[in-house]
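Colleague: Just dropping this structure here.
The values are calculated or read from the model by the stated rules, or taken from the named source; none is laboratory data. These numbers were taken from a predicted model, which means no experiment stands behind them. Positions of Cβ are generated from backbone atoms using ideal geometry, with glycine treated the same way; all protein chains shown enter the neighbour counts. Each accessible area value is taken on the protein alone, full model and side chains, heavy atoms only, with ligands, DNA and RNA left out. Shrake-Rupley method; radii C 1.70, N 1.55, O 1.52, S 1.80 Å.
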Amino acid sequence: QVQLVESGGGLVQAGDSLSLSCAASGLTFSRYAMGWFRQAPGKEREFVAVIGQSGRNTDYADSVKGRFTISRDNAKNTVYLQMNSLKPEDTAVYSCAANTIVMTTRADRYDYWGQGTQVTVSS
């Protein structure tokens, strides 16, 4: 049974940093590209960042480029999202997802999803 479990969310002030983790089990982690997505209340889910299987390749949404960093540790079956200079508009539920085929920004291409962790940024 595949499980993706996010952690690290919380309530922070604008300008603060937060680090999210997503621990995977039940799959061969190194074979999966891993993505982070977020969904704010009343809005559609949106792509945040993706990292390739080896960790060498990454891609980011324009809204987070330069502020967020995605990384992974295949030995620990974990993907991370370091979020700096947080803004109120970053407030959302952040979810990680696994995709065995390609590094993609499309949510419908992902095979497995975590439950998400809430990030709230106050102004």
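Colleague: Based on alpha-carbon atoms only, what is the radius of gyration of segment 57-123 relative to the globular estimate 2.2 N^0.38 Å? Present the calculation step by step, with values, prior to reporting the outcome.
Modeller: Details: Rg = 12.8 Å, N = 67, 2.2 N^0.38 = 10.9 Å.
Rounded to two decimals, the normalised Rg is 1.18.
Colleague: With every protein chain kept in the model, how would you rank Y80, Y32, Y94 by accessible area, 1.4 Å probe, largest at the top?
Modeller: Details: Y80 65, Y32 30, Y94 0 Å².
Result of the area sort, largest leading: Y80, Y32, Y94.
Colleague: Among Q82, F47, T104, flag the residue with its Cα farthest along the positive direction of the charge dipole of segment 41-123, charges on Cβ as +1 for Lys/Arg and -1 for Asp/Glu.
Modeller: It is Q82, whose Cα lies furthest towards the positive end.
Colleague: Rg over Rh of the chain, using C-alpha atoms and the Kirkwood radius, what does it come to? Provide the component values of the computation, followed by the final result.
Modeller: Values: Rg = 13.3 Å, Rh = 14.1 Å.
Radius of gyration relative to Kirkwood radius: 0.94.
Colleague: Separate question: For the pair S19 and E89, how long in nm is the line joining their label points, each one 7 Å along Cα→Cβ?
Modeller: Going from the S19 label point to the E89 one covers 2.7 nm.
Colleague: Moving on. Ignoring ligands, DNA and RNA, what percent of the 1.4 Å accessible area of the chain is carbon and sulfur?
Modeller: Numbers: 2700 of 6370 Å².
Carbon plus sulfur share of accessible area: 42 percent.
Colleague: Pop a pseudo-label 7 angstrom from the Cα along the beta-carbon direction at both N57 and Q39 and give the gap in nm to one decimal.
Modeller: Those two pseudo-labels are separated by 2.7 nm.
Colleague: In debye to the nearest 20, how big a dipole does the chain give about its Cα centre with +1 on each Lys and Arg Cβ and -1 on each Asp and Glu Cβ?
Modeller: On the way: 12 positive and 11 negative charges, 48 e Å.
The calculated dipole for the chain is roughly 240 debye.
Colleague: Take the Cα of T105, step 7 Å along the line toward its Cβ, and report every residue of segment 62-79 whose backbone nitrogen sits under 20 Å from that point.
Modeller: Answer for this model: 62-71.
Colleague: Could you tell me the distance between the Cα centroids of segment 22-43 and segment 47-84, to the nearest Å?
Modeller: Answer, in whole Å: 10.
Colleague: Along the positive direction of the dipole of the chain (beta-carbon charges: Lys, Arg +1; Asp, Glu -1; about the Cα centre), which of A92, T28, T117 reaches farthest?
Modeller: Of the options given, the answer is T28.
Colleague: I want to verify a result. In a Gaussian network model of the chain, Cα cutoff 10 Å, which of these has the top mean-square fluctuation: G15, G42, G55?
Modeller: Of G15, G42, G55, the most mobile in the Gaussian network model is G42.
Colleague: Would you list E44, E6, E89 from the most to the least accessible area, probe 1.4 Å? Working shown, then result.
Modeller: Values: E44 160, E6 20, E89 125 Å².
Ranked from most to least accessible, the order is E44, E89, E6.
Colleague: Also, I was wondering about something else. Could you report the chain's accessible area per residue, 1.4 Å probe, as an integer in Å²? Before the final figure, lay out each step's value.
Modeller: Values: 6370 Å² over 123 residues.
Result: 52 Å² of accessible area for each residue.
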